[in-house]
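> Provided herewith is a single structure, encoded as structure tokens, for subsequent inquiry.
Read the figures in this text as sums done on the coordinates, not as results from a lab. All values reported here derive from a predicted model rather than from experimental measurement. Because the Cβ atoms are built from the backbone with ideal geometry, glycine has one as well, and the counts that use them run over all protein chains shown.
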Amino acid sequence: MEKFADVFRIFMRKRNQTFRIMKLSVFLMLIGMMQVSANVYSQAGKINVQVSHVSLSDLLWELQENSGIVFVYKTKDLKDFPMVSIEKEGASISEILDEILLNTDLEYTLDNNVVVIKKKLLELEPNIKVEIKTEEQEKKELKGTVTDDKGETLPGVSVVVKGSTIGTATDINGEFLLMVPSDAKVLVFTFVGMISQEIAYRGQESLKVALEADFEGLDEIVVIGYGTTKKERIGSAISQVDAEDIEERSAGAVSIDQIIGGQIKGVQINQSSGAPGSGSTIRVRGITSPFASGNNQPLYVIDGVPFNGDVATGNGSFSGGENPLLSISPSDIENVSVLKDASATAIYGSRGANGVIIVSTKRGKKSSRTDIKLNYVYSISNPLNTQDVLDADGFKSLHNMIAKNTINSFYEGTASYIGFSDADLIVDADTGENRESIYNLFSGEIIPVYGTTNTDWQDKIYRENAATHQWNLSFSGGNDKTNYAFALSHTNQEALMINEDFKRYGARLAIDSDVNDWLKIGTSINYSGIKNVSGRQTLVGYGSPTDAMITRPDFEVYQEDGSFKRIPDFWQGYGYGMGGYIFENQNPVAGMENKIESKTNSFIGNAYLAVEPIKDLSVKAQVNVRSFNTIGSDFAPTRAQAYDVFNTDRKSMLSNSLSDITNVSTVFQANYVKNINDHYFTLMGGISFDRNFYHSESQTYLGTADDNVLTNTSSASTHFYSQGGKAESGTNSIYSRLQYSYLARYTATVNFRTDESSKFAPGNKRAYFPSFALNWNVANEEFMKDQTFVNQLKIRGSIGQTGSSNVNDFSYLQFFEVGQIETGKYNGQSTIVNSKSFPNKDIKWETTTEYNLGLDFSFLNDRLYGSVDIYNKYTKDVLAPTPIFLEAGSPNFISNLAEISNKGIELDFGGYFIKNDQFSWSADFNIALNRNKVEDINGASLSQFQIDNFIEGEPVGTIKGYRVEKIIQNQAEIAELNSKSPTGVYYKQTTGAGDYLYKDINGDGRITSDDRDIIGNMQPDFFGGFSTTLNYKGLYLFAGFQYSVGNEREWGNYRSLIGSPTVFANMAKEALTDTWTPENTDAKYTRLIYGNFDNASVNDRNIQDASYLRFKILRLGYQIPENVLKNSPLQTVNVFASASNLFTITDYKGLDPEAIGSSFISSGVSGGDDYPFAKTFSLGVTIGF
């Protein structure tokens, strides 16, 4: 265990940078502030120093900050060193260290700007005989380079001849030069956070050594709002994911939200679908504002540029196009910090109510050589799941059975005449024989009842082994004044469905430069171009995977002439084997012939200027720009449309759209940092000005000249519809933070922000958001000094307020629009009418108050670690639709009505369970429980689609329906039920044997809407994830899982595939094998008859348990040994294979229990089968030059 106690501490430049000491991937470059040259320090340099009663470690911090010297030492060696006081002017570093270490048990060596401080060797006892050679031993020159296990060079590594004091340290480029005695046998390499290595010396002239990471560093720097801080000073609930964790999960992923699911405690992430470019629904500690515009997504801050992740932004009518997170390639991300409690997010004010996700991209390192990395990943994907529907033979047997069931039920009085007429198309009601053909009254044709082919439509619309190519090329490095990083990325993805593709091109540049001792400038620029091509219908028809499930399988894809076979649909039966179909539908393959294309250009960038006018004070000005421009074209050719057979004028349809969203924010910020003996102070203040600009327009045209070539607007015969809009809004903010820490034991943090928004009327424009956090590092107390079991024990507590302007822009003003239909016309001409929303001059901010209590811990030299948080979050003045008098002329009115609460507990735990020179095994686990409640609705005007989902005293997303007691087995049971009803009818006139017996909740003898009960909820009881990593020499294996338990959902396709048959629509296999008939009375599901939808009413039999456990990622990799690469230009080579979404354990019958569409509440309550997730296998290589 001793080697785990030998923790080194190394100080690096930390301003505006994010890193972990364990990784030590940020090299040591500092600005001279005490009359020192900005060039690399030379031993002749002079320093002024004046400190009183400070710890040696704090003094070394200051010396490194202001000298360009790197200090390396073991933490335990400085633990009992007395407090230091020293005052010198114009002294060298050697003079300062000589005075400090005089008459102590420490000594130092200075070489190549690196100081190694260590314990002196013990004096030999007088009675020990020592043979001393007077002649100088022969020495040989040894040159070498030391890197980490990723190939990054390491400065400050101690290189010592074992058993002697002969040694040196690597320079800023990780290189060393050592004169080695001829009798040396072993060289020892040690470094902070790395496993020490002993290398046999056999007279080599050069060495290349790679040190492996040891365990988590204690001095982790965490990104917070408008800055960074040491983890030991944090009193808020903040989680951080670093580049290594992201890399382990990133193969095949195109955006960061696809990676971090199940990785961060308290953060619920659901992918909206498996479609290319689709986003995710992210909830940080529950839902706070579900009614008005429904934006519950967190705020994203990418390299200091803030924006919301919802695709719909602005005033609700402007679309941001693609998922905004697609603008950043996962391979470019250094770390992701999630600010969860109000104490952490209050600094972002009105944007922080739903949490904040801060994404920091990779930057170069000063005084480092150019590092070139090339990454390539090839992936193949297939649908993770498809529905198990009937083939042609099963389809025919099913509808023959349904038709006979319907006819028999009709004669018993338990089926409708409409259903009977439909059944008579298939079975002769008089003879009970299956019909061979139908006489089409509309066309006079005789049409066979069934076709002769067997088509698996799901197989036809899905690709097999859809390929994805991902490239990333990066350059990074720097000199003593400037660091830079430049990256190019490209993704070329075939979608799971035919005629769909996704392409992304990206470029990123980051530069930081020290102009002189007091001025620093820098910029981050990220550009992304995305082209998304789809064949699925959006203008007309259906076009979802559900079409492929329910389309009859006995029809072929193409007719003899090569055109697409059309499917007769919406049959109308007239009895006696006669009928007619009102529509003919495109088949699913033809439905993918649409030409839908969107092109999105996104720019996220900033530029800053930082000045240090006096010691400890920095002033920074920064301009952030975020722009998303999307151009869309949606063309529906005639072959891809469904038609009314009576309408022979079939026209193609074209829609063009443009969306432009730009945000510009200007920030001025000052930071003051001061250490006075044992006291640490930091004061930050700033002002920001945010301006948002929205512009959108769209036009729809009908009847292009043809379906293939002349499909532009000038070729259209009719201009059908146009709309457009433009808006501007803004927020002015003042923010500040004061932090005080004493002896790294007690830290208090106060944040304050005030926002003024143009969304609200005068008098309500400004809101105030304070927060306070306190932490106690128990492990740093004197009474913990002599114990070795506990390494970290920190108690945190916080309280804060955040807000939300979750409402359309200028909601206090009356808007007008051009009337588009008859009610908006006067004398046959379009006129100006009120908009659909009535203004509210009293509308104001939503306000969320949150309390958080947390504990961070680590034991056994950080072999075991974790944290736990308990929170209480209450949101008042929630914006909700409100009743309005009809004379207002506008049906919609929004006001601050409702109140929502979220309470919960979060836990993560992990450890390095095995750790030695050859093998390591680590694992992590997290779990979160959130209890959401609608505290008060106050009479909100909810629509018929919302009223069941929002019930006072219940969580958001409740599901109401009937409770099923059993399946009725015979008509006698029906007669008894009807006799007890005051109306003589228990439920419906056609209720019969094989139908559900619903529970009479109110006991009035009949089933009505009053008998519906709460039968489920979309929110899970708990959720989280776990992962494990195995390392053996250069081989590593990573496995990650995500889970959610206790959430229910109505399966949207239950009616189509099992519950309510439609004439000639295909269904699930269970519809044939496990539905009630007089011969199958033990079936799971009710009888199937045409025209009966009663059993498909929302009930607890069609509510699905959407709990799941997903094997999200498996990655196997190998780092090619350096000795294999030593004669090549390659520095590192890492090859890997990975698999994502290997399997999902769930009872949910839909395509995927995780998938939630763009409407979080409605999709969470009732989930359809929109687009399957992909099971992906990847091969990749990362090469360093």
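> So for the range 358-441, averaging the separation of alpha carbon pairs under 8 Å that are six or more residues apart and normalising by length, what relative contact order in percent results?
18
> Find how much the distance from LEU658 to ASN938 grows on full extension, using 0.36 nm per residue of separation minus their present alpha carbon separation; answer in nm with one decimal.
Once the chain is fully extended between LEU658 and ASN938, it gains 96.9 nm.
> With charges only on Cβ, +1 for K and R and -1 for D and E, what is the dipole size of the range 221-366 about its Cα centre, in debye, rounded to 20?
With only Lys, Arg, Asp and Glu charged at Cβ, the dipole is about 460 debye.
> While we're on this one: Among all the aspartates and glutamates, which ones have a C-alpha under 12 Å from LYS139's C-alpha, if same-chain residues fewer than 8 places away are not counted?
The reachable aspartates and glutamates, counting only those whose Cα sits under 12 Å from LYS139, are ASP183, GLU205.
> In addition: Quote the charge dipole size of the range 965-1011 about the Cα centre in Debye, to the nearest 20; the model charges only the Cβ of Lys and Arg (+1) and of Asp and Glu (-1).
Roughly 80 debye for the range 965-1011.
> Also, quick follow-up: Take each of the peptides 965-975, 249-259, 488-498, average the number of other beta-carbon atoms within 10 Å over its residues, and list them starting from the highest.
249-259, 488-498, 965-975
> From the square roots a ≥ b ≥ c of the eigenvalues of the alpha-carbon gyration tensor of the range 965-1011, which class results: rounded (a/c under 1.5), prolate (a/b over b/c), or oblate?
Oblate is the answer for the range 965-1011, as a/c is 1.5 or above yet b/c matches or exceeds a/b.
> Using Cα positions and a limit of under 24 Å, work out the lysines in reach of LYS966, with same-chain residues fewer than 8 apart set aside.
Candidates past the 8-residue exclusion: LYS404, LYS980, LYS988, LYS999, LYS1069, LYS1084, LYS1149.
> For GLN918 and ASN732, what does the FRET efficiency come to when R0 = 51 Å and r is the distance between their Cβ atoms, rounded to the nearest 0.05?
Working from the Cβ atoms, E equals 0.30.
> Towards the positive end of the charge dipole of the chain, with charges on Cβ (+1 Lys, Arg; -1 Asp, Glu), say which of LEU177, THR190, SER524 has the farthest Cα.
My answer, from the dipole projection, is LEU177.
> Right, next: Run through the DSSP bridge list for the range 221-366 and note the antiparallel percent, rounded to the nearest 5.
85
> While we're on this one: Read phi for every residue in the range 1036-1041 and hand back ³J(HN,Hα) as whole Hz from Karplus 6.51 cos²θ - 1.76 cosθ + 1.60, θ = phi - 60°, with x for Gly and Pro.
So the J values, rounded to whole Hz, are 9, 9, 10, 9, x, 10.
> A further question on this structure: Toward the positive end of the charge dipole of the range 386-527, about the Cα centre and with charges on Cβ (Lys, Arg +1; Asp, Glu -1), which of ALA466, THR453, TYR439 goes farthest?
ALA466
> Give the shape of the range 221-366 as rounded, prolate or oblate, defined through the alpha-carbon gyration tensor: a ≥ b ≥ c are the square roots of its eigenvalues, a/c under 1.5 means rounded, and otherwise the shape is prolate if a/b is larger than b/c and oblate if not.
Because a/c hits 1.5 or more and a/b fails to exceed b/c, the range 221-366 counts as oblate.
> Which is farthest toward the positive dipole end of the chain among PRO881, PRO1121, MET497, measuring Cα position about the Cα centre, with Cβ charges +1 (Lys, Arg) and -1 (Asp, Glu)?
PRO1121
> Can you give the three extents of the C-alpha atoms in the chain along their principal axes, from longest to shortest, in whole Å?
122, 68, 65
> Please report, in debye to the nearest 20, how large the charge dipole of the range 865-1023 is about its Cα centre when each Lys and Arg carries +1 at its beta carbon and each Asp and Glu carries -1 there.
Taking the Cα centre of the range 865-1023 as origin, the dipole is about 220 debye.
> Need the list of lysines near LYS785 for cross-linking: C-alpha distance under 22 angstrom, and skip anything on the same chain fewer than eight residues off.
LYS785 reaches LYS3, LYS74, LYS76, LYS79, LYS118, LYS119, LYS230, LYS231, LYS794.
> Something else now. Taking 8 Å as the Cα distance limit and 6 or more residues as the minimum spacing, I'd like the relative contact order of the chain as a percentage.
10
> May I ask which of LYS208/LYS481; LYS143/LYS1126; LYS599/LYS726 have a Cα-Cα span longer than 23 Å here?
LYS208/LYS481
> Rank by packing, highest mean first: peptides 521-534, 1075-1088, with packing defined as the count of other Cβ atoms within 10 Å averaged across residues.
Listed from highest to lowest mean packing, they are 521-534, 1075-1088.
> Here's a follow-up. Suppose each label sits 7 Å from its Cα in the direction of the beta carbon; what would the LYS503-GLU556 distance come out to in nanometres?
In this crude label model, LYS503 to GLU556 measures out at 3.5 nm.
> Just need the relative contact order of the range 980-1088 here, percent rounded to a whole number, with Cα pairs under 8 Å and 6+ apart.
So the answer I get is 20 percent.
> By average Cβ neighbour count within 10 Å, what is the ranking of 138-144, 458-464, 798-804 from highest down?
798-804, 458-464, 138-144
> Long-range amide H contacts for THR228: which residues qualify at under 5 Å (H placed 1.01 Å from N, peptide plane, sequence gap of 5 or more or a different chain)?
Sorted by chain and number, the residues that satisfy this are ASN16.
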